[in-house]
Amino acid sequence: MALKYDDFIESALASIEALLGGDYRLSKRAIALCLLQEDPDLERQVKEQEGPSYSSIQNIVAQTRAGYSQPLYQIIAQRRQQEVRRIVTLAATSAAGPREGFAERLSRVMMNPITGVPILLLILYFGLYQFVGVFGAGTVVDFIEGTLFGGWINPWVTGLISAVIPFEVIQDLFVGEYGIITLGLTYAIAIVLPIVGTFFIIFAIIEDSGYLPRLAMLIDRLFKRIGLSGRAVIPMALGFGCDTMATIVTRTQETRRERVITTLLLALAIPCSAQLGVILAILSGTGQALLIWGAVVGLVFLLVGYLASKVIPGERPSFYMEIPPLRLPKLSNVLTKTYSRMQWYFMEVLPFFILASVLLWVGDLTGLFDLILRGLQPVVQSIGLPSETAVAFLFGFFRRDFGAAGLYDLYSSGILLGVPLVVAAVTLTLFIPCIAQFGVMLKERGIKTALAIALFIFPFAFLVGFILNRALISLGVSL
């Protein structure tokens, strides 16, 4: 006896079967089911054999798909699973097994929206905010930047370079305002490295525990609203470490549409670990400021993702994922993963900081740097920021974490506080992808898509900053 579906699908199957006149190896009902589930091979075969009547079959399939909020292949698969469970219940008996353990109960709790969201918030609070933001970007950065580099290393190196190199222009290349040591290495090692390191530790713990697949199941329903599946949690989570690496990992997604949407959201609204840590550090003193930043960036993420899912053509995502058992993270695994990622940071990211310092030195020497800054200053002033903020945005062209470190300097010196600080944090988070990420976007998505993403993000980030600044001022918000 054939498996029965709901009346709407059964009516569509009957209509398609009546139109099928070709010679197929499968039954007409099986062909109709495959057409409803978007089987590309059978679609080509039916189109060849049915000729003019194929357009009528297409109309029936399209009307049936339009009647459901979920893809038809999911609805058909769910109905089959229901029937399998019914048959198994009637035909099989099972002896009482061992009692469900704590890990299994916790696993279900993590995937239930009612209990899973509070668990996620606790992980974000203690893992990212307290450990990365407060400890990594606060305590550790203060010691390394203020005591080691500010008090010992930079003064000693500056004296050494001044004594060895008689030319001031060459001295500036190493220890000047944009020097390789006093700016590039200081930012990379004293500010960014502690933040990246603490993030890598937390991410390794979460990864080794088996929590990521459960997070994917938890947010799958939300992600489907923005054209993605729960599988996108993997590149998104990696994006909080490094958006460049995460853009490469989008290869794991099934459809081109998913890969484009994920790449857009990574470039726009996912701050890398250093950027996130710096923002948590500078906003942690005021809970209201941190809440505004998180709410605006989260809203932009969902809004742009939803609109992109409506504009970008392509197949809807399906989602199946094996759920591994929960376990206590092994210290050896955590240390090995952290070490390998820190090694990657030094090999891949540190050269960009040095290159950025050299380019800034050349730009300052030739006057090109001042010219670009003068062009950026009216833009940042239009969203309520002091003109000095243009430097941080210029740094952001080279690397997001480089720009975040510049923002940290402005905050530490008291130039950027209150509402302008929140506006700057939001705008810099949404700012165009850095050189490394843009290069990977060119390779992975092609020049047209990469340019379209960058050209959209640049004005959009400042538009959001402008609206946020006006809204906070109009509401009389004081931070």
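Worth a mention:
- For segment 388-395, the criterion of a residue being surrounded by fewer than 20 Cβ atoms within 10 Å (Cβ to Cβ), on the phi < 0 side of the Ramachandran plot and without any contact (Cβ under 8 Å) to a residue 60 or more places away in the chain is satisfied by at least one position.
- Take the conditions (1) in a helix (DSSP H, G or I); (2) out of contact with any Phe, Trp or Tyr (no Cβ under 6 Å at 6 or more places or on another chain); Leu228 misses just one of them, which is (1).
- Flag for Phe143 being in contact (Cβ under 8 Å) with a residue 40 or more places away in the chain, assigned to a helix (DSSP H, G or I) and assigned by TED's automatic domain parsing to the domain that holds Leu365: no
- Residues in segment 57-70 that are within 18 Å of Glu10 (Cβ to Cβ) and either surrounded by 14 or more Cβ atoms within 10 Å (Cβ to Cβ) or at pLDDT below 85 (or both): Ile57, Ile60, Val61, Thr64, Arg65, Ala66, Gly67, Tyr68, Gln70.
- Ile372 of a type in the set (A, V, I, L, M) and touching a residue at least 60 places away in the same chain (Cβ under 8 Å): no
- Between Gly116, Gly176, Gly146, the distinction of being touching a Leu at 6+ places or on another chain (Cβ under 9 Å) and within 27 Å of Leu394 (Cβ to Cβ) belongs to Gly176 only.
- Residue selected from segment 227-237 under the condition in contact (Cβ under 8 Å) with a residue 24 or more places away in the chain and hydrophobic (A, V, I, L, M, F, W, C), by the criterion surrounded by the fewest Cβ atoms within 10 Å (Cβ to Cβ): Ala237
- Scoring Val249 on the criteria (1) under 10 Å from the mean Cα position of the chain (by Cα); (2) assigned to a helix (DSSP H, G or I); (3) modelled with pLDDT under 85; (4) not aromatic (Phe, Trp, Tyr) leaves a single failure, condition (1).
- Taking each residue of segment 67-79 that is closer than 19 Å to Leu222 by Cα and looking for partners that are of a type in the set (A, V, I, L, M) and surrounded by fewer than 16 Cβ atoms within 10 Å (Cβ to Cβ) with beta-carbon atoms closer than 7 Å, six or more apart or interchain, yields nothing.
- Restricting segment 159-173 to residues that are over 18 Å from Asp364 (Cβ atoms) and of a type in the set (A, V, I, L, M, F, W, C) leaves a set whose member that is surrounded by the fewest Cβ atoms within 10 Å (Cβ to Cβ) is Ala163.
- Put simply, of Ala103, Ala137, Ala92 the only residue that is exposed (fewer than 11 other Cβ atoms within 10 Å of the Cβ) and on the phi < 0 side of the Ramachandran plot is Ala92.
- Hits in segment 1-51 (condition: surrounded by 16 or more Cβ atoms within 10 Å (Cβ to Cβ), among the polar types (S, T, N, Q) and part of a loop (DSSP other than H, G, I, E, B)): Gln37
- The helices (runs of 4 or more DSSP H) located wholly in segment 362-462 that include 2 or more residues which are over 28 Å from Glu258 (Cα atoms) and in contact with a helix residue (DSSP H, G or I) (Cβ under 6 Å, 6 or more places away or on another chain) occupy 368-382, 389-398, 400-412, 418-429.
- Of the candidates Thr262, Thr250, Thr255, Thr286, the single residue that is surrounded by 21 or more Cβ atoms within 10 Å (Cβ to Cβ) and touching a residue at least 60 places away in the same chain (Cβ under 8 Å) is Thr250.
- Against the conditions (1) surrounded by 13 or more Cβ atoms within 10 Å (Cβ to Cβ); (2) farther than 29 Å from Leu407 by Cα; (3) basic (Lys, Arg), Lys310 satisfies every one except (1).
- Filter result for Thr198 (modelled with pLDDT under 85 and either more than 26 Å from Cys434 (Cα to Cα) or polar (S, T, N, Q) (or both)): no
- Any hit, segment 291-298, residues being assigned by TED's automatic domain parsing to the domain that holds Gly210 and in contact with a Gly (Cβ under 9 Å, 6 or more places away or on another chain): no
- Qualifying residue in segment 271-285 (condition: at negative phi, of a type in the set (A, V, I, L, M) and part of a loop (DSSP other than H, G, I, E, B)): no
The values are calculated or read from the model by the stated rules, or taken from the named source; none is laboratory data. Just so it is clear, the model here is predicted, and its values are computed rather than measured. Don't worry about glycine lacking a Cβ; one is built from the backbone with ideal geometry, like all the others, and counts go over all protein chains shown.
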